[in-house]
Amino acid sequence: MVLLTAGQTTTLNFNWNVEYASIGDHVLLAKTLPVNKETNLTNNSKTTTSTVIENVPENTP
């Protein structure tokens with residue numbers, strides 16, 4: 001859990017094992033619930049697209 005005061009931002013990192021993920025684009029979504037008396041809800045979520053590509057061994061001729 002991360003606690004922020006008004007106006008603060010933070011970056012959260014996570015590991016994603018894509019061994020069994022399908023190749024292609026995946027949309028990742030992070031969101032938070034509004035806090036008491038919050039009126040600006042437009043900045044409570046963020047999306048980004050991550051692309052999983054096929055792993056080709058370096059020694060492939």
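Considering only residues in region 18-50 that are loosely packed, with under 10 Cβ neighbours inside 10 Å and charged (D, E, K, R), the one that is farthest from G7 (Cα to Cα) turns out to be E19.
Residues of region 11-50 that are of a type in the set (S, T, N, Q) and part of a loop (DSSP other than H, G, I, E, B): T11, N13, N15, N17, S22, T32, N36, T39, N40, T42, N43, N44.
All of the numbers you see were taken from the coordinates with simple rules; none came from a lab. None of the values given here were measured: they were computed from a predicted structure. Quick reminder, even Gly has a Cβ in these numbers, built from the backbone with ideal geometry, and neighbours come from all protein chains shown.
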